[in-house]
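The values are calculated or read from the model by the stated rules, or taken from the named source; none is laboratory data. It should be emphasised that the depicted structure is a prediction, and the values quoted were computed from it without experimental measurement. FYI the Cβ positions are ideal-geometry reconstructions off the backbone, even for glycines, and counts take in every protein chain you see.
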């Protein structure tokens, strides 16, 4: 029993990171129907920005996270303007391939500029403490990751539900052309979506740095793919779905490694992707509208 | 931001220039040492990586080999003749290693020392085999360096002075069973590399033979960073020892997370752990009570090693690493072979090398087996408060 609770703690902090990345995927998909494969790499850039703001500027972890979020928000907007906007009216496969291109560009540009080796996240920014609660080992970084992830998700929910920008985003997502007719600036709304999604990814990147202690230019690939699975599982384009999907994948991986065989962990996550696409392509939270695939 | 097309192009051009400047920095032209061949001397070829990706391996091995040659010559040489080293850079490339070997063959060398990596040795192998000149690899650890994969036959002219990778699994199992006196172990290794899989197999075999019990085998893959779920499971199994064959990128966070979960048992691994990043990522405290196998330690108190370290430091003003020690041993084993063969003849030298027994090297006593692999000791390195310290020498 105690082991199970420990595994759930492990799964929740892993899931929180997946959920944050999945949110960016799902927001972008919801609004322009593009699977932004560069999203995991934006997370990587966020981790490096956080790293440099701690090592070079000597900021604490909260400020580092804010700087990373701001820089990546800008990066997201630039990526959208340069790479995706010119292709907005072309075929979906063209944008998809562009997204893969942007992903490779970010990875190898970082390797070119900073080298392929891992960088060690400075431990001065965050002192790890372990709490022993009823035989469970709970780390303050578990709490940090979980609380800041949930906090950011609540802020996101507020923005989408109760602000004008959020309303515009929902409108564009629902019907692009009708939104234009209602006087909504579609370009601006899409830029905002990329900014918010990329900022969340940057926050996740800094969390990965704090949590696992080391970052490298290819660190975004696997979490990016897992988060993509999470987004599809929850129903791509649906924001609460991405959160739930993230946590489900995190817990699932933990339980497979803990009670099944650690060798099957990745097979199970990607098996879920195949299964959900076969059985319920709209995802757990998706409604069968007939137009989504 | 990108208002006009012209401005966009201007920015692009600027970026290209910036990259050019960055890329141009920090490269030094490699220098080759090419002493003229001396008449009446025994020519020894050094085909080593002095530039390129693994330049530090080759440079250190060359320094070790040159020290050995200097000492041998100072003591009167071999068979009454001086050794004449011919040093060439193979630029860390297999095809370059091949052309360097071809050039060395023309210099009438009696043997070639190097290259260092298994891949570069493979590049040089066909030339050496064809010309029937022994190649002594200081540090090529892949199994197929000395044995042909397809036919299973030993390559007559290829030798090495390092043990093959999986052998470290045997050494660690011996250390765990005999020195740490543990009875149960869990193997939690990298399943995406042949290196780690071989190590895990050898560990399992030897540990079971010694009467130990493997409670479970778990795996991770390259680039994994989250090991907590499996570690929680391993904690539940309650082993006395955990064997983690893998590379430091994954092992460092793995150990940190194991200690965070309250797993205090000793953890062991192979030379893939040997990196300064281990301490920076996992932190000194978490690394206490962890051990890894390696070829050599400069802290060894064996008088032979102490003398070697002294001489090396005096000559080069730096600490000799494993490659330097293996480079040194490569030359010494060749000298032993020449003395046994009583002729400076490559074919006779190869025959003598294959027969070498109990050669006393810096990196341990060696007996060359039928696969041209040395059966030799390894050292156990222990992390103590973030410092690598030599724990013991394990003789198989």
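The table for this structure:
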{"quantity": "Residue list for the stretch B:249-280, filter: farther than 22 Å from residue A:134 by Cα and in a loop (DSSP other than H, G, I, E, B)", "calculated": "B:266, B:270, B:274, B:275, B:276"}
{"quantity": "Criterion (surrounded by 15 or more Cβ atoms within 10 Å (Cβ to Cβ) and not in a loop (DSSP other than H, G, I, E, B)) met by exactly one of A:99, A:62", "calculated": "A:99"}
{"quantity": "Tally of residues being farther than 12 Å from residue A:202 by Cα and in contact with a strand residue (DSSP E or B) (Cβ under 7 Å, 6 or more places away or on another chain) across the stretch A:46-67", "calculated": "0"}
{"quantity": "Of all residues in the stretch B:225-241 being part of a loop (DSSP other than H, G, I, E, B) and more than 10 Å from chain A (Cβ to nearest Cβ), the one that is surrounded by the most Cβ atoms within 10 Å (Cβ to Cβ)", "calculated": "B:239"}
{"quantity": "Matching entry among B:141, B:184, B:170 (being modelled with pLDDT of 95 or more and within 27 Å of residue B:217 (Cβ to Cβ))", "calculated": "B:184"}
{"quantity": "Leading residue by the ranking (nearest to the other protein chains (Cβ to nearest Cβ)) among those in the stretch B:214-224 that are part of a loop (DSSP other than H, G, I, E, B) and farther than 15 Å from residue B:194 by Cα", "calculated": "B:223"}
{"quantity": "Conditions (1) out of contact with any helix residue (DSSP H, G or I) (no Cβ under 7 Å at 6 or more places or on another chain); (2) assigned to a helix (DSSP H, G or I); number of the one not met by residue B:340", "calculated": "(1)"}
{"quantity": "Elements of type helices (runs of 4 or more DSSP H) in the stretch B:1-116, at least 1 residues being at pLDDT 85 or above and buried (at least 23 other Cβ atoms within 10 Å of the Cβ)", "calculated": "B:55-74, B:94-106"}
{"quantity": "Residues that are within 13 Å of chain B (Cβ to nearest Cβ), surrounded by fewer than 17 Cβ atoms within 10 Å (Cβ to Cβ) and without any contact (Cβ under 8 Å) to a residue 12 or more places away in the chain, drawn from the stretch A:128-153", "calculated": "A:129, A:130, A:131, A:132, A:133"}
{"quantity": "Of all residues making up the stretch B:267-315, the number that are within 17 Å of the chain's Cα centre (by Cα) and under 19 Å from residue B:168 (Cβ atoms)", "calculated": "14"}
{"quantity": "Pick from the stretch A:228-266, criterion in contact (Cβ under 8 Å) with a residue 60 or more places away in the chain and within 21 Å of residue B:250 (Cβ to Cβ), ranking: farthest from the other protein chains (Cβ to nearest Cβ)", "calculated": "A:249"}
{"quantity": "Residue match in the stretch B:356-375 (condition: assigned to a loop (DSSP other than H, G, I, E, B), assigned by TED's automatic domain parsing to the domain that holds residue B:144 and under 27 Å from residue B:255 (Cβ atoms))", "calculated": "yes"}
{"quantity": "Residue in the stretch A:67-75 that is within 14 Å of chain B (Cβ to nearest Cβ) and either touching a helix residue (DSSP H, G or I) at 6+ places or on another chain (Cβ under 6 Å) or surrounded by 23 or more Cβ atoms within 10 Å (Cβ to Cβ) (or both) present", "calculated": "yes"}
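Residue-wise test of (1) within 14 Å of the chain's Cα centre (by Cα); (2) touching a residue at least 24 places away in the same chain (Cβ under 8 Å).
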{"residue": "B:93", "(1), (2)": "no, yes"}
{"residue": "B:101", "(1), (2)": "no, yes"}
{"residue": "B:112", "(1), (2)": "no, yes"}
{"residue": "B:139", "(1), (2)": "yes, yes"}
{"residue": "B:147", "(1), (2)": "no, yes"}
{"residue": "B:153", "(1), (2)": "no, no"}
{"residue": "B:164", "(1), (2)": "yes, yes"}
